[in-house]
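Take a look at the structure set out below.
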Amino acid sequence: MKNNKVLRNAVISILIGLLAGAVIILILGKNPLNAYYNLLQGCGLLPKAKYASGRGMATDLLSYIDFLTPMLFAALAVAVAMKAGLFNIGVAGQMLGAGFMATVLVGYSALPAGLAKPLVLLVGIAVGGAMGALVGFLKYRFNINEVVSTIMFNYIVSYVVSFFINTRYVDAVSRQSKVISAASRLTLQDVMIGGYKFNIPLGFIVAIIAVFVVKFVMDRTVLGFELKAVGLNNTAARYAGIGVGRSIVLSMLISGALAGLAGVTYYLGYFASIQPRTLVSTGYDAIAVCLVGNSDPLGILLSTLFLQIISKGSTYMSSQSGLESEIASVITAVILLSTTISILYAEIIDRIRSRRADRKGGETA
Amino acid sequence: MSTINTIIIDGMAFTLPLFIMAIGGIYSERSGVTNLALEGLSGMGAFVGALAAYILTQQFGATSQVPYYLSFVFAVIGGALFALVHALICIRCKANQVISGVVINILAEAVTIFLVKTINRGVFGKPSDKIDLGASIRFTVPGISKIPVLGAFFTRVYPFEVIIILIAVVVWYLLYKTPLGMHIRACGDNPHAVDAAGMDVARIRYFAVMMSGALSGIAGMAFAYSISAKFSSGFFVGYGYLSIAALIFGNWTILPTLGACLVFGMAKSAGYQLVMYLGYPSAYQDLVMILPYVLTLLLLIFLSKHNHAPRALGEVYDKSKR
């Protein structure tokens, strides 16, 4: 019953978002159905009219999966923190920190692929986890609101990384950090299969494993139970003998580690370099994905698959229909807004239902 | 002009918008509604104000001062109306106030950037991702500005700095010296008492949250004029969160918050001057930019023990709960 309601709210929110998007597109004098069709085409879920040589629908599909992998990690990161009652909006900073360290330590080394790729993942976990744990520690020890501290860290990391890139690792042409070695990149580039080129995202396999591990830890272990208890009622958890401070630090550590994985699959997977002074929007969008997925790992998997269609497909849509690609973030934001006000339409549905029940009662009497 | 004077002049231009935004936050939070949406509210205010200024400039001509002052009026309206969304989510829908604040920020950034591009292309017929504002006029008070050091406070002043100081005095009076102000503060500490006294808690909170939007709008417009003379995606750099940090140091009271804002403002402009003075390459600006953020964290670490947030902050008011 409860799951049904959650699913219903998510579906209604998404519909409201798409509807709002359609209205905006109509106002701009374009056809929303065409625009949404373009979104699916851009993700390789529907065939395009024509393809460049060596590229096909499956190429786009794999590119879409490559694109959504960091988001899956990032949304899981938000979810783990949220279960413990914490709001990790520092995912973008943790991603950047982890991505930068992995780039410098492994990406610029001459290590062979078999060693470099696992090492990239490990560095990502370690750096992201450390950054998350620090936020948890500040929250527990000094009672610093994690929202404020994570945002401060976002900016600090962004500027510090930018400083090091500009002074040491900058590529003179692209003005980004130098491209990492192919051996360390988590996405295999331009693999030829049957005459088509594919980018194979190895990170996606890790992400799927992460979904089930997080699900298992949260639902089936003492650790998960303790985190949820702290999130639901801090005081009650303390009286029950749960180490609240330890739980806060641990949940932020896990959250940060997942954000770190998001970072390495983004900066050393989908991309191969870092743009200075830029925090990716993935960190914020992950909050939307997590809320639409009701902070449940499987729900998040579904909402990632869906919401990333909008983001990934928007570039193709923009080129086809002349709409600004930013409309994707507007639609995502409206979906997010509708999830937060889900209590409103839940009330409306309940009222309609009870009115209908009244009428039925009247007929039988 | 001496370095110290430059530090003060630039520092005040940053401090005052931050301060008025923080006062907005104080209004909202003293009424019991957590407001992390200041960033988005100021962005929406700046967007509405900038758009109004752009249109009005075409109407009145580039030399007229009317668009400049009217843009602040529109920024106030834009910020207040957008704050109503936050208020509705928090009060009517009883949603988590922290989440709502972040949602408002995401919404503001997405909507404003999309609208800037769409309006530029569709209405003004030139693809662009920003709204250009003319450079703000600045004035120097003759006589007083000649005093060493202190004179800097009267040199090359933006008109909005005067507006902000005047408004700050008014809203300070409103919060601490009027019945309405007392009701607002009571709503944050003991909403049941306010209810028992026959006042409408929800209505007072709506007012306080919209007030925070209005004040943030002024701040946003001021930042748009002083920092870049335009509105673009580069507007969203987290000053809203900085002002939240300032009001936390200020212990949710207005005058100590001014002190915190001064520390931020002066640290920022002093850092810039330091890099210029030492003659380092521009990449070193990045290291200076982290100063206000690092300072925020350090101050929070040392001060947060002594802080007392309003007691009912972040709680949904429920009549039946005692």
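The values are calculated or read from the model by the stated rules, or taken from the named source; none is laboratory data. Everything numeric here is computed off the predicted structure, so don't read it as measured data. A quick note on method: Cβ atoms are made from the backbone with ideal geometry, for glycine too, and the neighbour counts reach across all protein chains shown.
Applying the set (1) farther than 25 Å from B:Arg185 by Cα; (2) polar (S, T, N, Q); (3) surrounded by 16 or more Cβ atoms within 10 Å (Cβ to Cβ) to B:Thr257 leaves exactly one unmet item: (1). Checking A:Ile348, A:Ile352 one by one, the residue that is surrounded by fewer than 19 Cβ atoms within 10 Å (Cβ to Cβ), assigned to a helix (DSSP H, G or I), out of contact with any helix residue (DSSP H, G or I) (no Cβ under 9 Å at 6 or more places or on another chain) and within 14 Å of chain B (Cβ to nearest Cβ) is A:Ile348 and no other. Listed by first and then second residue, the pairs linking a residue in region B:152-178 that is in a loop (DSSP other than H, G, I, E, B) to a residue that is surrounded by fewer than 17 Cβ atoms within 10 Å (Cβ to Cβ) and not small (Gly, Ala, Ser), with Cβ atoms under 6 Å apart and 6 or more places separating them unless they lie on different chains, are B:Thr155/B:Thr140; B:Arg156/B:Arg138; B:Arg156/B:Thr140; B:Tyr158/B:Arg138. Reported count of residues in region A:85-112, each being within 14 Å of chain B (Cβ to nearest Cβ) and in a loop (DSSP other than H, G, I, E, B), is 6. For B:Gly45, indicate whether it is of a type in the set (Gly, Ala, Ser) and within 19 Å of B:Ser216 (Cα to Cα). So B:Gly45 passes the test.
Screening A:Pro47 against (1) within 14 Å of chain B (Cβ to nearest Cβ); (2) of a type outside the set (Val, Ile, Thr); (3) over 30 Å from A:Val249 (Cβ atoms) leaves a single unmet condition, (1). Screening the candidates A:Ser109, A:Ser53 for the property of being surrounded by fewer than 24 Cβ atoms within 10 Å (Cβ to Cβ), at pLDDT 90 or above and of a type in the set (Ser, Thr, Tyr) yields one hit, A:Ser109.
Residue-wise test of (1) out of contact with any Cys (no Cβ under 9 Å at 6 or more places or on another chain); (2) facing chain A (nearest Cβ under 9 Å).
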| position | (1), (2) |
| --- | --- |
| B:Val98 | yes, yes |
| B:Gly101 | no, yes |
| B:Ile106 | yes, yes |
| B:Ile119 | yes, no |
| B:Gly125 | yes, no |
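Selection of region B:270-322 for residues being within 10 Å of chain A (Cβ to nearest Cβ), among the small types (Gly, Ala, Ser) and part of a loop (DSSP other than H, G, I, E, B) yields B:Ser282, B:Ala283, B:Ala309. Just one residue in the set A:Ser281, A:Ser314, A:Ser318 is among the hydroxyl-bearing types (Ser, Thr, Tyr) and surrounded by 20 or more Cβ atoms within 10 Å (Cβ to Cβ); that residue is A:Ser314. Among the residues of region B:16-37, is any touching a residue at least 24 places away in the same chain (Cβ under 8 Å) and more than 22 Å from B:Pro310 (Cα to Cα)? Scanning region B:16-37, I find at least one residue that is touching a residue at least 24 places away in the same chain (Cβ under 8 Å) and more than 22 Å from B:Pro310 (Cα to Cα), so the answer is yes.
Scanning region A:243-256 for residues that are out of contact with any Gly (no Cβ under 6 Å at 6 or more places or on another chain) and within 24 Å of A:Pro297 (Cα to Cα) returns A:Val244, A:Arg246, A:Ser247, A:Leu250, A:Ser251, A:Ile254.
Filtering region B:80-105 to residues that are assigned to a helix (DSSP H, G or I) and more than 17 Å from the chain's Cα centre (by Cα) leaves B:Val85, B:Ala87, B:Leu88, B:Ile89, B:Cys90, B:Ile91, B:Arg92, B:Gln97, B:Val98, B:Ile99, B:Ser100, B:Val103. Of all residues in region A:310-341, how many are farther than 17 Å from A:Gln41 by Cα, assigned to a helix (DSSP H, G or I) and within 8 Å of chain B (Cβ to nearest Cβ)? Residues meeting the conditions: 8. Pairs meeting the criteria (first residue in region A:154-175 and at the interface with chain B (Cβ under 7 Å from one of its Cβ atoms) and among the hydrophobic types (A, V, I, L, M, F, W, C), second residue surrounded by 13 or more Cβ atoms within 10 Å (Cβ to Cβ) and assigned to a helix (DSSP H, G or I), beta carbons under 6 Å, at least 6 apart or on different chains) are A:Ile156/B:Tyr293; A:Phe163/B:Asp286; A:Phe163/B:Leu287. Of all residues in region A:34-68, those being in contact (Cβ under 8 Å) with a residue 12 or more places away in the chain, among the hydroxyl-bearing types (Ser, Thr, Tyr) and out of contact with any strand residue (DSSP E or B) (no Cβ under 9 Å at 6 or more places or on another chain) number 2. Applying the set (1) surrounded by 24 or more Cβ atoms within 10 Å (Cβ to Cβ); (2) more than 14 Å from the chain's Cα centre (by Cα) to B:Gly43 leaves exactly one unmet item: (2).
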